[in-house]
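Just below is one structure, and these are the notes that go with it.
Bear in mind that the values in this text are calculations on the coordinates, not laboratory data. A quick note: this is a predicted structure, and the numbers were derived from the prediction, not measured. Cβ atoms come from the backbone with ideal geometry, glycine included; neighbour counts cover every protein chain shown.
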Amino acid sequence: MDSGESEVIALAKEENADLVIIDEVDARRIADFHDLNKTGFIGILIKAKKNGLVDDVIRLIDIAVEKGFWINKDLYQQIFNSLL
């Protein structure tokens, strides 16, 4: 976990945050340890779609992947199937 994720978790605890936005696996485990509610980039995209703010989550994920975002292939397929 790098300093950015550490700072997010520390600030969330300090401020009693309702939600942290974090993707890195180790940071998510630590957030769980501290009973912090969390979501990530994909969770935000799915919520945005449910709220009518974006149309094509898969296209946005594909763009992010092209720019270096990593997603597990099984998770990608699960998201794809759930949005059909």
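Computed quantities for the displayed model
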item: Local electrostatic count, residue 75, Cβ distance below 15 Å [Lys/Arg +1, Asp/Glu -1]; result: -2
item: Convex hull volume per residue in cubic angstrom - Cα atoms of the range 37-84; result: 86
item: Proximal aspartates and glutamates to residue 38, defined as alpha-carbon separation beneath 16 angstrom and excluding residues fewer than eight positions away on the same chain; result: 5, 7, 14, 15, 18, 23, 24, 26
item: The chain: relative contact order in percent, alpha carbon pairs under 8 Å with at least 6 residues between; result: 19
item: Fraction in percent of alpha-carbon pairs per bin - 5 Å, the chain; result: 3, 13, 22, 21, 17, 15, 8, 1, 0
item: Sorted by Cβ density within 10 Å, fewest first, the residues 13, 73, 50; result: 73, 50, 13
item: ³J(HN,Hα), Karplus 6.51/-1.76/1.60, whole Hz, each residue of the range 15-21, x for Gly, Pro; result: 9, 6, 4, 6, 7, 10, 9
item: Inter-part distance where the range 28-57 and the range 1-25 are each reduced to a Cα centre, Å; result: 14
